[in-house]
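Reviewing the structure listed below.
The values are calculated or read from the model by the stated rules, or taken from the named source; none is laboratory data. As the structure is a computational prediction, the values presented were derived from the model and not from experiment. No Cβ is skipped: glycine too gets one built from the backbone with ideal geometry, and neighbour counts run over all protein chains shown. Ligands, DNA and RNA are stripped out before the accessible areas are found, and what is left, the full protein with its side chains, is counted by its heavy atoms. Shrake-Rupley method; radii C 1.70, N 1.55, O 1.52, S 1.80 Å.
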Amino acid sequence: MIRKICKKATIWLLAGVIGLSAVTVQAAEVDNGASYPITTNAIEGWPQGPDTYSETAVLMDADTGTILYNKGMDEKRYPASITKIMTVLLAIENCDMDEVVTFSADAVFKNEGDTSHIARNLGEKLTMEQCLYAVMLESANECAYAVAEHVGQKLGGDYRTFIDLMNKRAKELGCTDTHFNNCNGLPDEDHWVSAYDMALISAEAYKNETFRMIAGS
């Protein structure tokens, strides 16, 4: 069922809104798969566009990349927790789900406090799968950080190795208005993304069956 839904899904992202704002809707019919990058309802006969509270937004057909709605989609914004889509995607691409993730002092003490977390303890161990469910379902910042550390170390580096990988993967997907500086979206002036780039990242993530299963739980 998840696979059938996602195959026809469109990506709807509101950049600048805290948390994950991705929903599936039925794509409108577009002649010849043409792209209509509009910022107003300026095309004669085109259905009235939605009102959004976010300053920027994009509605993208996930199969074709066709843009159905555009509201400042190339403007850079702080992504907050939608950052975690990329974090989870990279973890799935680089790890087995039964790998053991150990929580370091940085993961616990730099990423809990007055943020979303599930209160892990120093030295605690969870499987990668458990961590990713915590990241996607509870927006657990300490779990995202522990995942990033684990992947970075597995690649022969550290936490910053993972951040470099985030930016490399974004470029591979065609992102041009994105710079990741952390793995969980906590406030950082050097951490930004556009709504369009986030749609590209999300479309890639939704191709992955494991990501769909976790995000759809």
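Quick check on my filter: what residues within segment 78-107 are under 30 Å from PRO47 (Cβ atoms) and in contact with a helix residue (DSSP H, G or I) (Cβ under 7 Å, 6 or more places away or on another chain)? Steps first, answer last, please.
Of all residues in segment 78-107, those under 30 Å from PRO47 (Cβ atoms) come to 79-80, 82, 85.
Once the filter is applied, which keeps residues that are under 30 Å from PRO47 (Cβ atoms) and in contact with a helix residue (DSSP H, G or I) (Cβ under 7 Å, 6 or more places away or on another chain), segment 78-107 yields PRO79, ILE82, ILE85.
Kindly establish whether LYS110 is of a type in the set (Lys, Arg) and open to solvent by less than 60 Å² (accessible area, probe 1.4 Å). It would help to see each step written out before you state the result.
On the way: of a type in the set (Lys, Arg): yes; open to solvent by less than 60 Å² (accessible area, probe 1.4 Å): no.
Here the answer is no, as LYS110 does not meet what is asked.
If ASN94 meets every condition in (1) farther than 23 Å from ILE214 by Cα; (2) open to solvent by 30 Å² or more (accessible area, probe 1.4 Å) apart from one, which number is that one?
For ASN94, the failing item is (1).
Can you name the residue in segment 123-159 that is open to solvent by 10 Å² or more (accessible area, probe 1.4 Å) and touching a Phe, Trp or Tyr at 6+ places or on another chain (Cβ under 6 Å) and, of all such residues, is nearest to ASN94 (Cα to Cα)?
GLU149
Can you tell me which residue in segment 109-131 is nearest to ASN182 (Cα to Cα), limited to those that are modelled with pLDDT of 95 or more and outside any loop (DSSP other than H, G, I, E, B)?
The extreme case among them is CYS131.
For segment 130-143, enumerate the residues that are free of Cβ contacts under 8 Å to residues at least 60 places away in the same chain, under 14 Å from MET213 (Cβ atoms) and of a type outside the set (S, T, N, Q).
Going through segment 130-143, the residues free of Cβ contacts under 8 Å to residues at least 60 places away in the same chain turn out to be 130-131, 134-135, 138, 140-143.
Next, from what is left, pick out any that are under 14 Å from MET213 (Cβ atoms): 130, 135.
VAL135, the sole residue that qualifies.
Return the total of residues in segment 70-108 being within 17 Å of PHE162 (Cβ to Cβ) and assigned to a loop (DSSP other than H, G, I, E, B).
6
Looking at segment 192-213 only, could you name the residues that are open to solvent by less than 10 Å² (accessible area, probe 1.4 Å) and either of a type in the set (Asp, Glu) or at pLDDT below 95 (or both)? Talk me through it step by step, then tell me what you get.
The initial filter retains those residues of segment 192-213 that are open to solvent by less than 10 Å² (accessible area, probe 1.4 Å), namely 193-195, 197-199, 201-202, 205, 211.
Within segment 192-213, ASP197 is the sole residue that qualifies.
Within segment 55-68, does at least one residue satisfy the condition of being open to solvent by 40 Å² or more (accessible area, probe 1.4 Å) and outside any loop (DSSP other than H, G, I, E, B)?
First pass over segment 55-68, keeping only residues open to solvent by 40 Å² or more (accessible area, probe 1.4 Å): 55, 63-64.
Filter once more, keeping what is outside any loop (DSSP other than H, G, I, E, B): none.
No, segment 55-68 contains no residue that is open to solvent by 40 Å² or more (accessible area, probe 1.4 Å) and outside any loop (DSSP other than H, G, I, E, B).
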